[in-house]
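Undergrad: Sharing a structure below in structure tokens format, with a few things to ask.
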Amino acid sequence: MLLENSQPEPYRIKMVEPIRLIDREQRQARLAAAGYNVFRLEADDVYIDLMTDSGTTAMSANQWAGIMTGDESYAGSRSFTKLTQAVRDMLGFEYVLPTHQGRPAEHFLFRTLVRPGQVVPFNAPFDSTEAHVSIAGGTAISCVAEIGYQPSVEHPFKGDVDVQKLRNVIEGEGRDNVPLIMVSLTNNAGGGQPVSMANLRAVKALADEFAIPVYFDAARCAENAYFIQQRESGYANRSVAEILKEQFSYAEGCTFSCKKDALVNIGGLLATRSRALYEQVVPLLVLHEGFVTYGGMAGRDLEALAIGLREMVDDRYLQHRVGQVERLGDTLLAGGVPILRPTGGHAVYVDAAAFLPHVPRSEFPAEALASELYLEGGVRAVGLGSLAFLKEEPSTGAVSAPRLELLRLAIPRRVYTDSHLAAVAVALIRVYQRRDAIRGMRIVSAPPMLKHFTAVLAPIEVRDEAVAECREVMV
Ligand code: F0G
């Protein structure tokens, strides 16, 4: 199936890492021991790992060469100079603050700009990003276009900000309560969906009207630029590199988890045009990460990142990568599996609510599905639904589920071939065929925040009433 229309990788493989599928009884035992939370599994017990595209990239021969030539000087490292140059050339930002991954960059940005009681509008924030806004005393507000909440409707730019919603937030809260606007490229919380250039321009125009700075969450900015090239009129003949640069022209700066599009296993950035912000963050960087010319990274990591930032815009690589995600999505659709349409840049998102309509949101359909996929094929994917994004109103204790209940199959960059993904599709289609027998989950124990990473879950046993009913029938 996948193989029929597969596309050869635009690279050849120089190094291999064995993987193995343990047998079904072992998978059952490991899953139970992991508290039915795939985050708690040993990676060696996973056959094909689609938990995340973050930090799981296969680096290029060039990047590995850079690892050997990286400069480990404490201050003024040559590798930092290369990184700064790459950021200026590719993204267009003058000031570069290196961090060990995306979240310290978020910490520094929100801690510096956000005061308690303020709000930060987004298209949609990712979980760690939202948590950083909260820790700074603020509230993240999603303003993603309504179409972003309709999983089965095709639309080229479901990550777009609803500009009217954004205006309402700014006018409702008052300009002084909105210290920045943030746009995630692509929208990971809503299916890896891209944001159009027209929308970025409109957000910037509105932000200028109120003199509010715009920052991007740039984790998947190259995939976003590729979608613009493919889908937005006027961009078909422009290179991804040019489109990327135009995207960033509408932002004052960005936080960047470089473990995604920038093709490294570790690394992050806070980059900005604002000298004032840079000067405020420098002492925080020195306190929490390290000296300004290495932040939280080794010199060799700075070097690999400087190369990755240039490699990430290779049009042929992006065509293969985004095509691979799309082929997996098409195969699943052909097998009847409900997925969020169209497929995202880095992942296929299964609509877990539609897959398991008999499992209520309070019983975590996405996690139930993640467990079943692991049992079926040794495949690990992550639930992004009510367990990850359940909101509790602190004053009343009222809880509300997020609008989407998704299981994300994230594809690491340059790691798996189409035949690996065919095995994933076969396993998930088998789970789909026996979906009616799948039960929901309950929480055995969980921390108050970011529950999904460490919660211990258990499958919900056949309910007492159902058992009683069953006994009655048998008598
Ligand atoms: N922003 C987005 C959109 C992300 O997807 C992530 C991480 C971060 C920020 C934080 O970056 O992990 O380098 O600190 N997402 C990972 C994922 C964990 O699996 O999607 P980080």
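Throughout, read-outs are computed from the coordinates displayed, never taken from laboratory work. Here the structure is a predicted model, which means the values were calculated and not measured. Cβ: placed from backbone, ideal geometry, glycine included. Neighbour counts: every protein chain shown.
Undergrad: Describe numerically, in nm with one decimal, the distance between label points set 7 Å from Cα along Cα→Cβ at V444 and at E246.
TA: 5.4 nm
Undergrad: List residues of region 28-46, by number, whose backbone nitrogen lies under 18 Å from a label position 7 Å along Cα→C-beta of V456.
TA: From region 28-46, the list is 29-42.
Undergrad: Do you know the relative contact order of the chain, to the nearest whole percent, from alpha carbon pairs under 8 angstrom that are 6+ apart?
TA: Numbers: 989 pairs, mean separation 109.8, N = 475.
Answer for the chain is 23 percent.
Undergrad: For region 61-311: lysine pairs with Cα atoms under 23 Å, gap of 8 or more or different chains, count?
TA: 10
Undergrad: Peptides 236-244, 314-322, 265-273: what's the order by average Cβ count within 10 Å, highest mean first?
TA: 265-273, 314-322, 236-244
Undergrad: Which of the lysines could a cross-linker span from K451 if the Cα-Cα distance has to be under 20 Å and same-chain partners fewer than 8 positions apart are dropped?
TA: Partners within reach: K391.
Undergrad: Only Cα pairs under 8 Å and at least 6 apart count here; give the relative contact order of region 275-380 as a rounded whole percent.
TA: 12 percent
Undergrad: Let me ask you something else. I want to check the label-to-label distance for L390 and V415. Put each point 7 Å from Cα in the C-beta direction and report it in nm to one decimal.
TA: Going by the 7 Å Cα→Cβ label model, 2.8 nm.
Undergrad: Under 5 Å between amide hydrogens, which residues at least 5 positions from I48 or on another chain qualify, with H placed 1.01 Å from N in the peptide plane?
TA: Close amide H contacts, sequence-distant or interchain: V379, R380.
Undergrad: Using a 10 Å cut-off on Cβ atoms, rank the peptides 441-447, 277-283 from the highest mean neighbour count down.
TA: 277-283, 441-447
Undergrad: Rounded, prolate or oblate: pick one for region 61-311, where a ≥ b ≥ c are the square roots of the eigenvalues of its C-alpha gyration tensor, a/c under 1.5 means rounded, and failing that, prolate if a/b is larger than b/c, else oblate.
TA: Details: a/c = 1.98, a/b = 1.30, b/c = 1.53.
Cα axes put region 61-311 in the oblate bin.
Undergrad: Could you tell me the relative contact order of region 61-311? Use alpha-carbon pairs under 8 Å, at least six residues apart, and round to a whole percent.
TA: So the answer I get is 32 percent.
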